[in-house]
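Computed from the coordinates by the stated procedures, all read-outs in this text should not be read as laboratory data. Keep in mind that what you see is a predicted model, and the values were worked out from it rather than measured. Neighbour counts are summed over all protein chains in view; Cβ atoms, including those assigned to glycine, are modelled from backbone coordinates with ideal geometry.
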Amino acid sequence: MSNVRLRVVYSAGDQVLSSVSNAVILFAMAGPSSVTAFGLAVLVFSIITAALGFVRGAAGTPLLLMSANSHQSIREESKFAAGAAAILGVGVGAIALAVSLALDEPAVGIAYAVAAPIVLCQDALRFSAMSRGEPKHAFCSDGLWAVIAFGVLVLSWVRPDALTIPQMIWIWSGAGFLALIYLAIALKTRPQFRGVVAWARLYWRHRVRFGVEAGIDQLGAIIVVSVSTVYIGTEAAASLRGAVTVLGPFAVLISSLPLIVIPESIRAGHSAKQVWRTLALAAWITSASAMTIGFLAPFAPDVLGRMLLGDSWEVALHVLPFLGLEYAAICWISAVYNYYRAQGASSKLLKYRIIQTCTSVVICTVAAAVSKTAVGVAIGLALSATLIGLGLVLQVLREHRITTGQVAGTPAGTAVGRLIGSPS
């Protein structure tokens, strides 16, 4: 197998393992927990997920755009990226703790507060491995984390009362720490804290745009779940998050595309037109699969559904078909975003993401207020994603027509990838 194919396999596999370690811990928490307890736990988990999205944009995307740079320059950038991610994690952990205290779940908050800097720092180093063309290190790191997380899930099946939710989070956090240590040693890169402010100021506009664009989607998800909880109750959070967990494989596929397409396109010098063709093909396949799973999942054996989500399965299956439609549209939205991301078009990315998030929040808020059901919110999610997806794809096709067959924009890996580096 060629080096390129190996990198693609390792990159895709790493994203699978990274998502698995997050998904299985949710499955583990869902099994022995009440619908209310699970809804509260995943609400706090969403805060860390949103921060993770920000780090992947602010630190990860610039690293991917440096894929044609020397290993030394990538290593220098990675030190500061990991340090900044850890510092941000401390702040995010404090927020998670405050929210947990407000929800009268202090033990959950303390566990999440410790986990946050570990999770964010490890993720920053994952992108360093991708940029250097060494995704096998990220694969091994996340593989270690996923195996331990899966062990927690199996234990929750065998002995549902063996672990509490806080204990599960502590084990998951400890596994993440081991994964972080492995990755730091393999890449010979440790977090750098001194000079991180100067690093953050360097091309900060691009970093902020990429970070906000990547994190605002999760922020929108938090708002939708929170609004649904206010109007409907914690069952809404459990049903929506539970259905999203079932559709997790498609989220994995979507999130793995930039880790594969951007570095390889930059190294190969592909044009934006070639990048779009690759992304569009992936969107056709994943969107069709998402709709199929969304409509067929409710017909799965009840025992299987309860094994995955416990009591939350009963409320999740009603929204699965609509979230399947939403994910189908998101596959195309992601294709457009990755098309612009590969060009370093941070302004367009941020603008379109804000439009998408605002549209989703407005439609879902109205749906929650009017319908007072999780199904109504799910229909709102599907409708908003479809509208935005159609508009974005038409925008890309419009750019093609304006340039008489030549895709607007510069080849993959332009200005941002060459400019961003560590402060000297």
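Descriptive notes on the structure:
- Phi angles across the range 329-342 convert, under the Karplus curve 6.51 cos²θ - 1.76 cosθ + 1.60 with θ = phi - 60°, into 3J(HN,Hα) values of 5, 5, 4, 6, 4, 4, 4, 5, 4, 5, 4, 6, 5, 5 Hz, Gly and Pro given as x.
- Bridgeable lysines around K188 (alpha carbons under 21 Å apart, same-chain partners fewer than 8 residues away excluded): K79, K136.
- Stretchable slack from S226 to R190, in nm (0.36 nm times residue separation minus alpha-carbon distance): 9.3 nm
- HN-Hα J in Hz across the range 180-196 - Karplus 6.51, -1.76, 1.60, θ = phi - 60°, x for Gly and Pro: 5, 4, 4, 5, 4, 6, 5, 8, 6, 9, 10, x, 10, 9, 6, x, 5
- J(HN,Hα) series, the range 216-226, from Karplus relation 6.51 cos²θ - 1.76 cosθ + 1.60, nearest Hz, glycine and proline x: 5, 5, 5, 4, x, 5, 4, 5, 4, 5, 5
- Sorting 151-163, 324-336, 82-94 by average packing, meaning the other beta carbons within 10 Å per residue, from highest down gives 324-336, 82-94, 151-163.
- The separation of the range 154-198 from the range 328-385, counted between C-alpha centres, amounts to 31 Å.
- Cα shape, the range 1-100, gyration tensor, a/c 1.5 rule: oblate
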